[in-house]
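The values are calculated or read from the model by the stated rules, or taken from the named source; none is laboratory data. Just so it is clear, the model here is predicted, and its values are computed rather than measured. Note that we place each Cβ from the backbone using ideal geometry, even for glycine, and neighbour counts take in every protein chain shown. These area figures cover heavy atoms from the full protein model, side chains too; ligands, DNA and RNA do not enter into them. Shrake-Rupley method; radii C 1.70, N 1.55, O 1.52, S 1.80 Å.
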Amino acid sequence: MAAIPPDADRRGYLLEDYRLFHLKESRARRFDYHYHEFDKAVVFLSGEVTYTVEGRAYSLLPGDILLVPHHHIHQPDIGGATYERCILWLRPEFLARYGLDPCFRQADSTGFHLVRPGEGAKAAELLEEMEAAGREGLFASALLERTCCIRFLIALNRWALDNRAAGDDRAYTSDGKIQQVMAYINDHLSQPLTVEHLAGVCYLSPSRLMHRFKAAAGCSVHQYVMQKRLIAACGLIRSGTGVMKAARQAGFGDYSAFLRAFRCVYHTSPKAFMEGESREEKG
C-alpha cells in the first residue's frame, strides 16, 4: 500500500485555547490540502481566493467568514491580487466550555462552511480589538484579549444562525458525484474502499472517478481515504481503544501499513503521540 505523501498532513499546532493571525499575501499560491486538530475561522478582507473544503469550492467575497471544523480537509487557492485575511484558530474544548461551538457543529453536520453576515457586521473590527488587546501589555491584557475573542465568537454564532448565504447554491461549486463518494467514504471507513468499488457507488468508470475526485478535492481518492481513516483511528485511540484494534476498526487491514501512514502524517508513533497528548493535558 502506498504511503501518504508528506504534504498530505495535519498542519499547525495549537496548545493554547486560541490564536489569532492577521496575514497578507501578494503572490498567487495554491496550498497543499491539509486538515487541523482545531477549528478555524477565516475572515476574508480583500484579494482573490477560492477555498475548497471537503470538495466544495467557495469563492470568497470581502466580509465573508469561512468555518473549517477540525478534521475537515481543505485547500486555499490564492489569486494574483493581495490576499488579506484574519485567521482564528480555536481549540474545540475551549469552544465547548463556553457553549460557542454551534456554528462549527452546524458546518460539520451540513457540509456548508460559509457565513455571509448581514449589513453592519463588524467581524474585522472585533478581531482588530482582540489583536490590539493581545499586544498592548497592560494590566489584564490577556483577560481583555480573551473577552474580545468571546465577543467575536458570540457574534459569529449569531451570524451563522441568520446566515444570508445558507441554502444559496451559488455560494459554492461542487461535483455532486464526488460529494456522494465522500459521504460514502466517511460512512464506510471500516469497509474495503477500492477505487473500483467507489466507482460503482457513483456510476463512473474508475479512471473518470479518479480524475474528477482529484479536481474537486485537491487530493487523490487513496489519499482522502487514508486521511479519514487516520483521523478515525486517532479518535478511537483517544477514547481508550487499543492501537491495533483502533487501526482495524478504522479500516486498516494491514497494521504495518497503518504504522507507516501514521508516522508519515504525525511524525511519531501512536504510543508517543498519545503520551505527548497526555502530558499536554496534565501540563
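Overview of results
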quantity: Residue within the range 15-24 that is modelled with pLDDT under 95 and either open to solvent by less than 50 Å² (accessible area, probe 1.4 Å) or among the small types (Gly, Ala, Ser) (or both) present; calculated: no
quantity: Failed item in (1) of a type outside the set (S, T, N, Q); (2) open to solvent by less than 20 Å² (accessible area, probe 1.4 Å); (3) farther than 19 Å from residue 16 by Cβ, with residue 138 passing the rest; calculated: (2)
quantity: Enumeration of residues in the range 225-266 that are open to solvent by 30 Å² or more (accessible area, probe 1.4 Å), part of a loop (DSSP other than H, G, I, E, B) and closer than 25 Å to residue 210 by Cα; calculated: 253, 254
quantity: Long-range neighbours under 6 Å by Cβ, at least six apart or interchain, first residue touching a residue at least 24 places away in the same chain (Cβ under 8 Å) within the range 190-209, second surrounded by 13 or more Cβ atoms within 10 Å (Cβ to Cβ) and charged (D, E, K, R); calculated: 202/177
quantity: Subset of the range 203-221 [in a helix (DSSP H, G or I) and under 20 Å from residue 53 (Cβ atoms)]; calculated: 212, 213, 214, 215, 216, 217, 221
quantity: Hey, residue 171 closer than 30 Å to residue 223 by Cβ, touching a Ser or Thr at 6+ places or on another chain (Cβ under 9 Å) and open to solvent by less than 60 Å² (accessible area, probe 1.4 Å) or not; calculated: yes
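Residues are listed down the side, and each one gets a yes or a no for (1) touching a Gly at 6+ places or on another chain (Cβ under 8 Å); (2) surrounded by 21 or more Cβ atoms within 10 Å (Cβ to Cβ); (3) not acidic (Asp, Glu):
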site: 58; (1), (2), (3): no, yes, yes
site: 62; (1), (2), (3): no, no, yes
site: 75; (1), (2), (3): yes, no, yes
site: 79; (1), (2), (3): yes, no, yes
site: 82; (1), (2), (3): yes, no, yes
site: 103; (1), (2), (3): no, yes, yes
site: 106; (1), (2), (3): no, no, yes
site: 109; (1), (2), (3): no, no, yes
